[in-house]
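Here's the structure, in structure tokens; my notes come after.
The values are calculated or read from the model by the stated rules, or taken from the named source; none is laboratory data. Predicted model only: the values in this text are computed from it and were never measured. Every residue, glycine among them, receives a Cβ derived from its backbone with ideal geometry; neighbour counts consider all protein chains shown.
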Amino acid sequence: MSIGLSYCDARGRIFFDPSVEPLADGGMLRTVGDDDLIAAPPGTVSMVLPGRHPKTTSGVQRRRSTHAVMLPAGYTRLLLPAYETDAHAATLPLFGYTFACERDDELFVAAMRTDESEDWAPREFADGELEAILEARMATDPQNRVLQQVALCSREYGCFTAQNVFLERGEAALPVSPKCNARCIGCISEQDDQSTVPSPQTRIAEEVAADEVARVAVHHLERVGDGIVSFGQGCEGEPLLRAVTIARAIEKTRANVSNGTINLNTNGSMPSSLQRCIDAGLQAVRISLNSFRPEVYAAYYRPLGYALDDVLESIRLACDAKLRVSLNLLTHPGVTDAVDEIAAMTAFLQSVRPTMIQTRTLNIDPEAYFSAVGRPGSVIGMRAALAAMRSSDVRVGNFTHTH
């Protein structure tokens, strides 16, 4: 069945042109097949890409602006929009740009469903409802700086793990670290001074105390039997830089409650600091990386004082300690599914078996990312890349599951 172009005009309005077939970017320019597309799922958000004109089988549509979408949680992006960029166009903000098109006068997107979780379903609140929930919980511990930060994230950014602190459900955020030892080009909480892309979130500003953290963790786990409390959020730097505080908070929490899971989201840069947290009672760890190739990893993370080998050592360490180990894999068509990347990933997974690979759409201007890490020599496609992960006997999805 044929597909048509979805595009935007100068005012950002979306139009369909079934007479024009769009091309996609999968690391290299390509046509789109039936197995690349699904009907746009609920929660899909449309975006206009200013200064960018869609590429089609009949040429560049210079009088039209490129239309892309952001996917809801639980879906993995398969292709990027293909476009030509004006010479002076600004760098795109930090979103996950996904190919979109027209089919039978409906919007279709290049994606696949990869997980399900009610905790990550879109949330709606009546006027004043969320604010009332936040205020009631804050009143019980008004000086707690952890609560102050997650209240900000709940209101301003709609962060689910922050909201879970107040809704008393699922995985709850415990931000602790204002500093980081990486300078990720797609960091959502702190960009370099010379960056032209604004940070979409405000990073926690203070080094909160272990007792503040533990009070939030204990409150959550007392009310959510199989709940998760997690250090290392989008609104902070690298939590392993505060391993002493985290270890103390874990000990204080476990002195009061024994149920639930204590998790750490980290870049895995400091194996000895991770060991300190494990010794204190850490049960699960989610280690982020964009690549199993040192040069691609370094080009994105721009690490300070560590390298990919340290990250891989942390994964081994956590697996050997029998933690629930997830890899938070920042995916991007043309990088994640590159032939060289799949070879490097498979070689590592043959010797180390994490519990799960959680795919995450890397939110970044595609051209900026390719400029940093390079275009692939050849790709196998994102569907095949996910199949390669599963063939290594590793569960693949998007969410942390307690069962």
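For region 265-288, a residue qualifies if it is closer than 19 Å to C187 by Cα and either β-branched (V, I, T) or surrounded by fewer than 20 Cβ atoms within 10 Å (Cβ to Cβ) (or both), and the qualifying residues are T266, I287.
Going by what's in this entry, would G186 be described as part of a loop (DSSP other than H, G, I, E, B) and modelled with pLDDT of 95 or more?
Against the criterion (part of a loop (DSSP other than H, G, I, E, B) and modelled with pLDDT of 95 or more), G186 does not qualify.
Conditions tested, residue by residue: (1) touching a residue at least 60 places away in the same chain (Cβ under 8 Å); (2) among the aromatic types (F, W, Y); (3) on the phi < 0 side of the Ramachandran plot; (4) not assigned by TED's automatic domain parsing to the domain that holds T85.
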position: V339; (1), (2), (3), (4): no, no, yes, yes
position: L349; (1), (2), (3), (4): no, no, yes, yes
position: R353; (1), (2), (3), (4): no, no, yes, yes
position: M356; (1), (2), (3), (4): no, no, yes, yes
position: A372; (1), (2), (3), (4): yes, no, yes, yes
position: S378; (1), (2), (3), (4): no, no, yes, yes
position: A385; (1), (2), (3), (4): no, no, yes, yes
position: D393; (1), (2), (3), (4): no, no, no, yes
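Checked against the criterion of being part of a helix (DSSP H, G or I) and among the polar types (S, T, N, Q), region 341-357 has at least one qualifying residue.
Each row is one residue, and each column tells you yes or no for (1) in the same structural domain as I357 (by TED's automatic domain parsing); (2) more than 22 Å from V335 (Cα to Cα); (3) over 24 Å from the mean Cα position of the chain (by Cα).
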position: A10; (1), (2), (3): no, yes, yes
position: G26; (1), (2), (3): no, no, no
position: A39; (1), (2), (3): no, yes, no
position: Q61; (1), (2), (3): no, yes, yes
position: L79; (1), (2), (3): no, no, no
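Output the residue which, of all residues in region 214-228 that are under 25 Å from the mean Cα position of the chain (by Cα) and touching a residue at least 40 places away in the same chain (Cβ under 8 Å), is surrounded by the most Cβ atoms within 10 Å (Cβ to Cβ).
My answer is A217.
With respect to the conditions (1) without any contact (Cβ under 8 Å) to a residue 60 or more places away in the chain; (2) under 19 Å from G381 (Cα atoms); (3) in contact with a Phe, Trp or Tyr (Cβ under 7 Å, 6 or more places away or on another chain); (4) among the polar types (S, T, N, Q), Q61 lacks only one, and its number is (2). Of the residues making up region 317-354, just one is basic (K, R), at pLDDT 95 or above and under 22 Å from the mean Cα position of the chain (by Cα), namely R324. Pairs are defined by a Cβ separation below 6 Å, a sequence spacing of at least 6 or placement on different chains, a first member in region 175-191 that is of a type in the set (D, E, K, R), and a second member that is crowded, with 18+ Cβ neighbours inside 10 Å and not in a loop (DSSP other than H, G, I, E, B); the pairs so defined are K179/L241.
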